[in-house]
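The values are calculated or read from the model by the stated rules, or taken from the named source; none is laboratory data. Since this is a predicted model, take the numbers as computed values, not measurements. Backbone-built Cβ (ideal geometry, glycine too); neighbour counts: all protein chains shown. Heavy atoms of the whole protein, side chains included, go into the accessibility calculation; ligands, DNA and RNA do not. Shrake-Rupley method; radii C 1.70, N 1.55, O 1.52, S 1.80 Å.
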Amino acid sequence: MKRFFRKALTLLSVYYAYTIEYRAEVILWLLSNSLPIILMGVWIEAAQGGRFNLSPVDFARYFLAVFIVRQITVTWVVWQFEDEIVQGKLSPRLLQPIDPVWHHVASHIAERMARFPFTLLLIVVFFLLYPQAFWVPKIANILLFLLASVLAFVLRFIMQYSFAMLAFWTERASAVENFWFLFYLFLSGMIAPVEVFPESVRAIVLWTPFPYMIDFPANILIGSPVDLTRGFSLIVGWILVFLGLNRLLWRRGLKRYSGMGA
């Protein structure tokens with residue numbers, strides 16, 4: 001266990017040092033994930049007509065929560081891994097005494113650490129500009145939100161890392177992720193709360209992994225009623241599904257890897 005923590009701290013310190021060298025890039029990535037804030041204005045305007053069960057303040061809080069969730073769950077492992085396979089960079093990592101995935105996990109966690117102060121600053125600015133939306137979540141909601149967000153990140157990461165395994169067979173595994181992202185974009189709650197979906201559509205969507213990566217943790221944070229048992233059960237279930245798929249593709253993909261790409 002001590003050896004594990006020593007390796008983990010070493011990886012985190014290395015990738016954190018690498019990340020803070022490119023602070024401007026971190027800020028740009030942070031701003032590029034501000035789509036929920038832009039959509040918030042659209043939905044607030046739509047809510048003025050009273051056609052939804054959510055008020056303008058509810059929409060503002062929801063999309064702020066979505067913005068926060070996105071800062072925790074954003075991933076890019078498929079592009080990193082694809083580059084490693086195509087250029088043969090995976091070879092030296094296979095010689096190391098740790099699974100290459102931990103390099104990607106460490107880089108993602110380190111980036112979150114570097115991103116956190118800027119995210120906090122934008123939240124403060126948001127409340128200064130829109131003080132009506134200010135609220136203080138309950139401690140229980142914050143803890144459940146953190147748990148749900150971490151699980152959402154794990155699901156998003158393993159899902160994307162599974163698609164990355166396709167780089168063993170094709171040079172453009174990221175194309176699969178780009179296609180999958182369309183479903184993620186519209187069904188996760190990033191474009192619109194799942195609450196406003198038609199009942200028949202919502203019933204189907206709630207069985208997919210998408211709403212549990214954004215809508216579920218966001219609703220927990222703002223205190224909207226959610227089925228915690230179902231939500232956590234499904235998110236863990238989908239993690240296990242993609243984890244099994246990932247390990248299967250990893251073992252078969254390594255047999256095809258030549259050190260010079262797939």
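If I ask for residues that are farther than 20 Å from Leu144 by Cα and in contact with a Pro (Cβ under 7 Å, 6 or more places away or on another chain), which ones from segment 185-237 would you list? Steps first, answer last, please.
First pass over segment 185-237, keeping only residues farther than 20 Å from Leu144 by Cα: 185-187, 191-192, 196-205, 207-208.
Residues satisfying the conditions are Leu187, Val205.
What's the total number of residues in segment 205-233 that are among the hydrophobic types (A, V, I, L, M, F, W, C) and open to solvent by 30 Å² or more (accessible area, probe 1.4 Å)?
Looking only at segment 205-233, we keep the residues that are among the hydrophobic types (A, V, I, L, M, F, W, C), and these are 205-207, 210, 213-214, 216, 218, 220-222, 226, 228, 232.
Those still in the list that are open to solvent by 30 Å² or more (accessible area, probe 1.4 Å) too: 206-207, 222, 226, 228, 232.
The total comes to 6.
Would you pick out the residues in segment 152-173 that are over 15 Å from Phe216 (Cβ atoms) and open to solvent by 10 Å² or more (accessible area, probe 1.4 Å)?
Phe157, Ile158, Phe163, Leu166, Trp169, Thr170, Glu171, Arg172 - these are the residues of segment 152-173 that are over 15 Å from Phe216 (Cβ atoms) and open to solvent by 10 Å² or more (accessible area, probe 1.4 Å).
On the basis of being touching a helix residue (DSSP H, G or I) at 6+ places or on another chain (Cβ under 7 Å), of a type in the set (Lys, Arg), modelled with pLDDT under 90 and not in a loop (DSSP other than H, G, I, E, B), does Arg61 make the cut?
Considered against the rule, which asks whether it is touching a helix residue (DSSP H, G or I) at 6+ places or on another chain (Cβ under 7 Å), of a type in the set (Lys, Arg), modelled with pLDDT under 90 and not in a loop (DSSP other than H, G, I, E, B), Arg61 comes out as no.
Considering only segment 217-224, I want to know if a residue exists there that is outside any helix (DSSP H, G or I) and either hydroxyl-bearing (Ser, Thr, Tyr) or closer than 26 Å to Phe163 by Cα (or both). Break it down stepwise before answering.
Narrowing segment 217-224 to residues outside any helix (DSSP H, G or I): 223-224.
Now drop any that are not either hydroxyl-bearing (Ser, Thr, Tyr) or closer than 26 Å to Phe163 by Cα (or both), which leaves 224.
So far as segment 217-224 goes, yes, one or more of its residues are outside any helix (DSSP H, G or I) and either hydroxyl-bearing (Ser, Thr, Tyr) or closer than 26 Å to Phe163 by Cα (or both).
Under the condition of being within 16 Å of the chain's Cα centre (by Cα) and open to solvent by less than 10 Å² (accessible area, probe 1.4 Å), which residue from segment 79-106 is farthest from Phe181 (Cα to Cα)?
Ranking the candidates gives Ala106 first.
Which one of these is surrounded by 17 or more Cβ atoms within 10 Å (Cβ to Cβ) and either of a type outside the set (S, T, N, Q) or at pLDDT 90 or above (or both): Phe179, Phe242, Phe183? Talk me through it step by step, then tell me what you get.
On the way: Phe179 fails: surrounded by 17 or more Cβ atoms within 10 Å (Cβ to Cβ); Phe183 fails: surrounded by 17 or more Cβ atoms within 10 Å (Cβ to Cβ).
Just a single option satisfies the conditions, and that option is Phe242.
Being aliphatic (A, V, I, L, M), open to solvent by 20 Å² or more (accessible area, probe 1.4 Å) and closer than 18 Å to Phe232 by Cα is the filter here, so list the residues in segment 186-204 that pass it. Don't jump to the end; show me each part of the working.
Pass one, segment 186-204, residues aliphatic (A, V, I, L, M): 187, 190-192, 194, 196, 201, 203-204.
Remaining after also requiring open to solvent by 20 Å² or more (accessible area, probe 1.4 Å): 187, 191, 196, 201, 203-204.
Those that are aliphatic (A, V, I, L, M), open to solvent by 20 Å² or more (accessible area, probe 1.4 Å) and closer than 18 Å to Phe232 by Cα: Leu187, Ala203, Ile204.
Quick check on Gln132: is it open to solvent by 70 Å² or more (accessible area, probe 1.4 Å) and either in a loop (DSSP other than H, G, I, E, B) or touching an Asp or Glu at 6+ places or on another chain (Cβ under 8 Å) (or both)?
On the way: open to solvent by 70 Å² or more (accessible area, probe 1.4 Å): yes; either in a loop (DSSP other than H, G, I, E, B) or touching an Asp or Glu at 6+ places or on another chain (Cβ under 8 Å) (or both): no.
It is false that Gln132 is open to solvent by 70 Å² or more (accessible area, probe 1.4 Å) and either in a loop (DSSP other than H, G, I, E, B) or touching an Asp or Glu at 6+ places or on another chain (Cβ under 8 Å) (or both).
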